[in-house]
1. Each residue of region B:228-239 in order: what ³J(HN,Hα) in whole Hz does its phi give by Karplus 6.51 cos²θ - 1.76 cosθ + 1.60, θ = phi - 60°, with x for Gly and Pro?
2. May I ask for the distance between the Cα centers of region A:595-630 and region A:119-138, given as a whole number of Å?
3. Sort out for me the Cα centre separation of region A:387-404 from region A:549-575, rounded to whole Å.
4. Using the structure shown, select from A:124/A:587; A:124/A:586; A:183/B:71; A:55/A:340; A:331/A:507 the pairs with a Cα to Cα distance greater than 31 angstrom.
5. Run the numbers for residue A:252 and residue A:340: contour at 0.36 nm per residue of separation, minus the present Cα-Cα distance, in nm.
6. Compare the peptides B:224-230, A:64-70, A:120-126, A:89-95 by average per-residue count of other Cβ atoms within 10 angstrom and give them in order, highest first.
7. Given Cβ point charges of +1 (Lys, Arg) and -1 (Asp, Glu) and nothing else, what value in debye, to the nearest 20, does the dipole of region B:102-319 about its Cα centre take?
8. Determine the relative contact order of region B:2-94: mean sequence separation of Cα pairs under 8 Å and six or more apart, normalised by residue count, in whole percent.
Amino acid sequence: MKRTRLLAILVLALGLAMTAAACGGGEEEGGGGGTGAAAPSGESGFGTATGPANKGGTYRVDVESAFDFTDAFDPTGEYTALGWSFYTLMLRPLMTYKHVAGADGNVPIPDLAAEEPEISDGGKTYTFTLRDGVKYAPPVDREVTSKDVAYAFDRLADPTYGGAGYPLYYQAITGFTDVADGKAKTVAGIETPDDKTIVFHLDKPAGDFLYRLAMPATAPIPEEVAKCAKKAGDYGRYPIANGPYMVEGTDKLDISSCNTIKPVSGYNPEAFLHLVRNPNYDEATENPDARENNPDRFEFNINSNVDDCFNKVKEAIIDDTLCGETPKQTKEYTENEDLKPLLKLYPDDSTFYLSMNLTQPPFDDVHVRRAANFVQDKVGLIRAWGGPVVGDVATHILPPSLVPDSLEGYDPYPSPDHTGDVEAAKKEMAQSKYDTDQDGICDAPECKNVLHIIGDSGRERGMVPVIEDSLGKIGITLNTRLLGDQYSVILDPTKKVPFGGGPGWGKDYPDAFTFFFYLFDGRVIPKEKGGVTYNEPLVGIDDATAKSLGIDLPAGGVPSVNSDIDNCVGTADDTQRLECWGELDKKLMEDVVPWVPYIWRNNSTIIAPSVSRWEFDQSTGNQAWTRVAVDQSKQQK
Amino acid sequence: MLAYTIRRLIWAVVVVLIVTMVTFAIFYLMPPGDPAIRFAGRAPNPRVLDQIRENFGLDKPFYQQYWIFLKNLVTGDEYGWPGLGFSYDTRVPVRNELLDRLPRTLILIAGAAVLWLIVGVTIGIISAVRRGTLVDKAAMGFALFGVSAPVFWLGLVALFVFWQKLGILPGTGYTAFSDDPKEWFLHLILPCTVLAMLYAAFYARMTRGNLLETLGEDYIRTARAKGLPERKVIMKHGLRASLTPVVTMFGMDIALLIGGAVITETVFNWQGIGSWVIRATTNSNLPVVVGVVLMAAIAVVIMNLLVDILYAYLDPRVRYQ
């Protein structure tokens with residue numbers, strides 16, 4: 001009996017020990033601790049594009065869990081950076097980018113357009129000439145015409161096809177909203193005098209219009225196929241490429257009638273996306289600055305096991321990953337000199353921030369908002385993300401690539417090592433109406449139990465104590481609620497959430513308009529209940545809108561930057577527009593103060609030893625698929 | 001027996017309907033989030049959100065949505081029969097995706113079930129017959145290990161040892177039988193074994209306990225006194241009676257696993273039902289959740305019915321009016 005009991009205890013202990021070993025190890029996303037490695041700053045990170053551009057082979061990529069497309073891979077509505085990165089291989093809009101890292105990667109260049117457009121009428125008319133010889137993949141086979149481009153815009157304007165995230169960019173085109181309102185079938189402001197010419201007429205100048213024409217939703221679409229897609233997302237099952245690659249199986253499509261069109265075999269939304277060369281692609285029509293087109297085939301396969309992703313890439317069973325590294329992998333690759341070159345880090349032009357609602361106490365007082373910026377321990381937040389490798393401390397709204405050189409080093413709320421300056425925060429707080437005794441500690445009831453909404457990921461859970469501790473030093477206590485779907489709450493202005501800890505924002509194209517318009521323009525705030533807005537601070541909310549939404553405005557109202565945005569976006573000169581956006585960034589940070597920005601995130605990717613050439617695409621914030629290459633002799637099965 | 005079966009089937013339909021109604025109500029009346037916001041891009045004004053809700057059929061009242069769901073279930077929808085709508089995430093018909101994934105989950109369950117029955121019951125029998133010996137202790141040690149070791153840990157260790165280090169079995173993923181029967185079988189071994197471990201441990205303990213209890217019964221003593229061979233006493237007389245609870249557990253376990261062996265499927269990248277429905281729940285993908293819940297509910301009621309019928313065979317004292 002004694003021996004039996006002893007054996008049982010030993011086995012139990014062994015089981016518990018194994019369980020503890022399995023459950024430990026910091027596997028959770030963003031689970032504290034950091035790596036201890038100094039973060040590289042600037043554009044190059046640990047890895048830069050190197051190696052020979054070998055032609056041929058299959059580039060194999062595992063994708064974590066799901067593609068998570070927003071419009072089922074229909075380019076008209078697809079609004080994910082991942083989807084856009086795939087489209088760089090398949091679609092050729094009028095403009096594109098060089099698909100390289102850094103500032104050079106954010107400059108638009110002609111793609112389907114033979115050259116830069118002719119701009120006339122005070123910046124309101126853009127005339128493009130299409131390249132010769134750009135053809136659709138089989139079975140469409142024919143040459144792309146200007147009418148195909150116009151059709152893409154008609155589709156974009158029609159809300160039926162899911163172009164929900166885009167239309168605001170193209171409302172500048174005359175007649176665009178008439179299609180959206182059901183008053184017209186086609187966009188009147190787009191002319192196609194012949195198959196090679198397309199003319200855009202704008203209601204008012206938009207200095208960043210060429211960027212907007214590089215978005216994949218504007219790529220030409222063959223109407224004879226797309227007309228069969230009756231609902232949003234349907235066309236994503238058989239998108240027709242006009243670029244160097246197509247979805248495998250596209251050539252087998254039967255487009256003789258709408259009833260015969262079936263989803264292509266090379267795309268299973270729940271499992272894989274396989275791309276092969278478009279046999280109709282003519283390299284002579286390519287802009288040599290845009291693409292290299294090295295592999296013969298791309299395989300993007302879903303993998304639900306993140307550890308398996310990285311085990312396979314280490315063994316070169318796959319070549320690249322779209323799986324989120326855990327601190328374990330980051331630590332391994334930053335500390336092992338042999339593995340370090342295989343970790344690629346680049347800023348992905350996004351800012352993450354703590355959001356303060358300008359209509360809700362205590363954040364309706366600018367002194368409180370400034371104090372929050374002074375006191376916040378930003379390094380602590382980055383540690384919760386996984387350490388300095390994950391990104392750089394953000395000191396203002398726009399990521400560095402979107403601001404002029406004049407903003408380099410700009411930090412309106414400096415603190416020692418970005419860990420927070422309590423004294424400076426108290427000095428600011430003492431000027432607030434909520435600090436009744438002016439001792440630098442917020443003592444009014446409005447500063448207690450302030451509702452704070454944040455997501456429930458491992459990273460965000462790690463951020464909560466850092467945020468609470470920082471704000472606690474100036475007397476603000478938080479009532480933190482962790483929500484899986486935080487956006488349903490914080491984006492709804494009628495919910496009146498004072499403080500949001502989870503949001504982040506990335507560019508749509510490399511112009512600050514894609515930040516400022518959606519995040520700080522009062523006109524994007526819904527005028528009636530039932531809508532949501534990414535302008536969580538409610539900058540620029542007017543009296544009528546506030547009344548309609550049941551929001552009480554503070555005395556003196558809420559500051560607006562609508563006219564600043566209009567002024568900047570209408571500036572045609574790139575340098576002047578950049579300076580304009582830089583000044584607006586300063587105004588927001590110093591006078592309006594809607595955020596506490598804390599990180600400019602890095603995109604981190606681990607690649608296999610079989611990759612002979614790798615590049616980061618600054619325009620999409622992902623791998624530059626158009627430039628990668630493999631060494632087939634190093635690939636494993 | 002026939003009347004009993006028909007009555008049970010009728011009740012099964014009622015139960016399934018109630019389950020789907022409750023599921024609908026949970027997601028409609030207490031939504032974890034607004035699915036429309038995910039697809040509204042960066043300009044989520046009321047008109048855009050309304051358009052998306054219309055596309056997804058979310059603009060109608062709850063009872064109308066449920067009625068449309070029931071109607072499509074019976075008559076089919078534009079994607080075929082049964083009509084289960086389409087996934088918000090991928091716009092793929094739920095029916096098609098279910099039919100694609102279900103065989104993978106079923107083969108995983110079937111393989112694991114065969115393993116855990118054979119291993120678990122065998123170990124339980126041996127352990128009961130050799131009670132108190134080293135064999136018994138080793139068997140119960142295995143049972144303790146199987147119950148204690150987390151499935152995800154077992155899976156990762158199995159991959160590490162048999163795939164990465166020894167290279168004798170393939171890694172994650174599913175290969176269709178039609179593509180390569182040999183690879184299909186090889187890919188089955190690790191996930192089935194890992195999934196079976198936990199259940200084999202339970203079944204070993206349960207079989208041992210039940211058999212020990214049965215072997216103490218008077219009729220077993222009588223059987224031995226009549227001179228029957230020990231093997232016959234155990235296998236024919238003892239085991240049959242002690243298997244009743246095992247059958248009950250087996251039915252419930254199979255039914256619940258049809259809802260998806262989530263952890264095993266995730267670790268082995270199995271692309272089955274489990275990992276699919278977990279993601280759908282997180283993303284408020286209502287058609288997928290309702291479709292899988294419906295299928296799981298049907299599985300539970302059918303397995304319950306089969307178990308009850310099997311009872312009548314195993315235990316002559318049980319007869320159904």
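1. With the stated coefficients, region B:228-239 comes to 5, x, 4, 4, 5, 4, 6, 6, 8, 9, x, 5 Hz.
2. 30 Å
3. Measuring centre to centre over Cα atoms gives 23 Å.
4. Working: A:124/A:587 29 Å; A:124/A:586 29 Å; A:183/B:71 35 Å; A:55/A:340 25 Å; A:331/A:507 28 Å.
In this structure, A:183/B:71 exceed 31 Å between Cα atoms.
5. On the way: separation 88, 0.36 × 88 = 31.68 nm, distance 4.31 nm.
Using 0.36 nm per residue and subtracting the Cα-Cα distance, I get 27.4 nm.
6. Working: B:224-230: 10.6, A:64-70: 19.4, A:120-126: 15.1, A:89-95: 24.9.
Going from most to least packed, we get A:89-95, A:64-70, A:120-126, B:224-230.
7. Working: 18 positive and 12 negative charges, 165 e Å.
Dipole of region B:102-319, to the nearest 20 debye: 800 debye.
8. Working: 51 pairs, mean separation 12.0, N = 93.
About 13 percent, as a whole number.
Bear in mind these aren't lab numbers, they're just calculated from the coordinates by the rules spelled out. These numbers were taken from a predicted model, which means no experiment stands behind them. Cβ sites come from the backbone with ideal geometry, for glycine too, and all protein chains shown count toward neighbours.
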